[in-house]
Every structure is written in structure tokens, then in C-alpha cells.
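S.K.: The following block contains the structure, expressed as C-alpha cells.
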Amino acid sequence: MPAAMPRRYGRPRYHYDCVDSTMRVAAKRARLGCPEGTVVTADQQTGGRGRHGRVWYSERGLGLYLSLVLRPACSPEAAPLLTLVAGLGVKEALERTTGVPCDIRWPNDILIRERKCCGILVEMEASRETVDHVVVGIGINLNQLEFPADFAPTATSLRIETGRDWTRTSILDPLLDSLHSCYGLLASRGPKPIIEAFQQASSYACGRRVVIEGLPDGASGSTRGVTAGLSPAGLLLVEDGHGVVAPVLAGSVRPDVGTM
Ligand code: BTN
């Protein structure tokens, strides 16, 4: 998908002791013309951003906080695929490095035993027809032993799951390699193998009862259904109680633990 992919990601790499958000720093560098593959990391973020306007807690030394600049030669409509590729790359790297099986909750939350250990935020700057750049932001919970009360029931860290500490570099290098090969697959073979790989990798892709929290107009509310695979564009398809299948256009996917 990029006109010419770099041989590796992480060249150049800018590391900061403390920033508000690596997303802001990476987007600024992208606007100034940095090459594809540029990586921004930080020990700590004071304004870490999550999806749907949430905060991403980014305490010093406990997590890996990184943003990767991509320059895909694609239309803005291909953005959902870039989001899936990021999730596949993180899952592959974490499993290979830690030996712990990971799941992907569409579009790209990485879960271990149903708890979130990594969040991914993809932000794009584009005109109507072409993408100028994409910033892929990845936050991985490395060494937390506990979480704020709001997150405690749904979050985990590699430390909790493996019983040992993880350095940032022990995860960063394999992660950049995996992301590079997953984006390379999209570039060389198109969306189909990505959709197939995602459907294999995610227990949420097919036959899962889910609640979609949030409505396309931004209003609060929820809808329920059973997942029915991905559309060719990478959107999650959900079948409602009347057999109508529709793509998820907005909102967060959660397991439905109630009755339909
Ligand atoms: C989510 O809501 O699940 C996405 C979280 C993304 C967090 C990462 S940490 C590095 C980068 N900088 C940010 O401000 N956010 C992303």
C-alpha cells in the first residue's frame, strides 16, 4: 500500500522523557515531512489519548507508549484495514515475545484472558481522495500490578499475566518487526489475507454475542447482536435479533453477558 515501504520501522526514532501525547508529537513530525516508519516513544505521557475521547493512563515506566508514522498510498476508505493490521501486528509480537495467547476485540483491543493489555488509536490526515499520513498509536500495559478502580475489572498487564517485568525494548523491537511485516502483507497482497487473518485471530469476529455501546450519531445508547465476520472493508458485521446484518459504524464492542 505505501509507494515504497522502508526496510524497517523505527528509523528515525525519537524518544522523550515526558510528552503530553506521542500522537501529537508524531503528527507534528509527519506534517513536517518525516519519513514513513518514524517512531515516537515516551517514558511518560501527561495527556495520553484513547479511542472515543477517552484518557490513556501513561505512568512513567509502567507502559510502552509509541506512535508510528505511516504514509500509505491508499484512499481514506481503506483506514479500517490499517486499524486491523495494527491489531494483528501487536498480537503476533506479544504472543511471540511473551508466549501468552492474545485475542483481538474488533477493531484492535488486545486482550489476555478477556482483559485489555493494549489499546491502539489510529489517526489519519487526508484530503477527500488521498491519505497524507496515518499515525498508529499503541499503548501496552507492561509492568502494572494494579489499575485505577475504573479499569481494574477489565485491564491487565504483561507483568500480571507472566509474573515478570518487561523492558520497553524487549517488546518494542519485535513489535516494530511484526507491524512491518503485517503492513507489508497488506501492501503486497491487498485486504483479503488481512481480513482472513483477523477472522482467525479474533474470537470476536464470528458468532459472538456483543453489545455495541454508542450510536453512529455520537449519542449514547447500545445495540445488541451476534457477530457475523468482517466486510471486505474491514468493518465488523453484526446480525440483530431479526436476522438483519449490518456493519458497525461507531461505538465500542463489548461481550454481551445478558440475554438477547
Ligand atoms: C484505546 O483507547 O484503546 C487506544 C489507546 C491508545 C494509547 C496510545 S499510548 C501511545 C499513543 N499516544 C497516545 O496519546 N495514545 C496512544
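The values are calculated or read from the model by the stated rules, or taken from the named source; none is laboratory data. Just so it is clear, the model here is predicted, and its values are computed rather than measured. In this analysis, Cβ positions are derived from the backbone assuming ideal geometry, glycine residues included, and neighbour counts consider all displayed protein chains. Calculation scope for accessible area: heavy atoms of the full protein, side chains included, ligands and nucleic acids excluded. Shrake-Rupley method; radii C 1.70, N 1.55, O 1.52, S 1.80 Å.
S.K.: With every protein chain kept in place and ligands, DNA and RNA left out, what is the accessible area per residue of the stretch 140-260? Probe 1.4 Å, answer in Å².
M.R.: Accessible area per residue, the stretch 140-260: 51 Å².
S.K.: Got a sec? Charge dipole of the chain, +1 on Cβ for Lys and Arg, -1 for Asp and Glu; which of ALA152, ALA201, SER252 is way out at the positive end?
M.R.: The one lying farthest along the dipole's positive direction is ALA201.
S.K.: With just the Cα atoms defining each centre, how far is the stretch 129-168 from the stretch 101-123? Give it in Å.
M.R.: Using only Cα atoms, the two centres lie 9 Å from each other.
S.K.: Let me ask something else. Which Cα, out of GLY163, ALA187, THR46, lies furthest along the positive dipole direction of the chain (beta carbon charges, K/R +1, D/E -1)?
M.R.: ALA187
S.K.: Still on this structure, please answer the following. Can you tell me the length gained on complete extension of the stretch ARG254 to ASP240, counting 0.36 nm per residue apart and subtracting the Cα distance?
M.R.: 3.5 nm
S.K.: Separate question: Would you kindly work out the equivalent ellipsoid of the stretch 96-223 from its C-alpha gyration tensor and give its semi-axes, the square roots of five times the eigenvalues, largest first in whole Å?
M.R.: 25, 22, 16
S.K.: Over the stretch 1-64, calculate the relative contact order: mean separation of alpha carbon pairs under 8 Å at least 6 apart, over the residue count, as a percent.
M.R.: Over the stretch 1-64, the number comes to 35 percent.
S.K.: What dipole magnitude, in Debye to the nearest 20, does the stretch 70-162 give about its Cα centre under +1 on Lys/Arg Cβ and -1 on Asp/Glu Cβ?
M.R.: In debye, rounded to 20, the stretch 70-162 gives about 240.
S.K.: Let me ask something else about it. In Å and from the alpha-carbon atoms only, list the Rg and Dmax of the stretch 55-133.
M.R.: Just the Cα atoms of the stretch 55-133 yield Rg and Dmax of 14.2, 42 Å.
S.K.: Next question. Using the crude model of +1 on Lys and Arg Cβ and -1 on Asp and Glu Cβ, and no other charge, please compute the dipole size for the stretch 10-66 relative to its Cα centre, in debye to 20.
M.R.: 240 debye
S.K.: Relative to the present Cα-Cα distance, how much length would full extension add between ASP103 and GLU196 at 0.36 nm per residue of separation?
M.R.: Stretched fully, the ASP103-GLU196 segment lengthens by 32.0 nm.
S.K.: Taking the Cα centre of the chain as origin, work out the dipole magnitude from +1 charges on Lys and Arg Cβ and -1 charges on Asp and Glu Cβ, in debye rounded to 20.
M.R.: 460 debye
S.K.: Within the stretch 145-251, which GluC sites (Glu not before Pro) sit in a loop by DSSP and count at most 12 neighbouring Cβ atoms inside 10 Å?
M.R.: The qualifying sites are GLU146.
S.K.: So, one more: Between ARG8 and ARG54, what FRET efficiency follows from the Cβ-Cβ distance if R0 is 41 Å, with the result rounded to 0.05?
M.R.: 0.85
S.K.: How large, in percent, is the carbon and sulfur part of the accessible surface of the stretch 55-192 at a probe radius of 1.4 Å?
M.R.: Of the solvent-accessible surface of the stretch 55-192, carbon and sulfur hold 53 percent.
S.K.: For the pair ASP132 and SER220, how long in nm is the line joining their label points, each one 7 Å along Cα→Cβ?
M.R.: 3.5 nm
S.K.: Here's something else I'd like to know. Placing +1 on the Cβ of each Lys and Arg and -1 on the Cβ of each Asp and Glu in the stretch 36-130, which of TRP56, LEU82, VAL69 has its Cα farthest towards the positive end of the resulting dipole?
M.R.: TRP56
S.K.: In terms of the ratio Rg/(2.2 N^0.38 Å) built on C-alpha atoms, what value belongs to the chain?
M.R.: 0.97
S.K.: Suppose we take every Cα in the stretch 11-155 and form the convex hull; what volume per residue is that in Å³?
M.R.: 113 Å³
S.K.: Oh, and also: Restricting to Cα pairs below 8 Å that are 6+ residues apart, what does the relative contact order work out to for the stretch 19-97? Please round to a whole percent.
M.R.: It rounds to 30 percent for the stretch 19-97.
S.K.: So for MET124, MET23, what's the accessible-area order with a 1.4 Å probe, most first?
M.R.: MET124, MET23
S.K.: Further question: Would you mind computing Rg(Cα) / (2.2 N^0.38 Å) for the stretch 21-85, counting N as its residues?
M.R.: Relative to the 2.2 N^0.38 Å estimate, the stretch 21-85 comes out at 1.21.
S.K.: Relative contact order of the chain: what whole-number percent is it, with Cα pairs under 8 angstrom and at least 6 residues apart?
M.R.: That works out to 17 percent.
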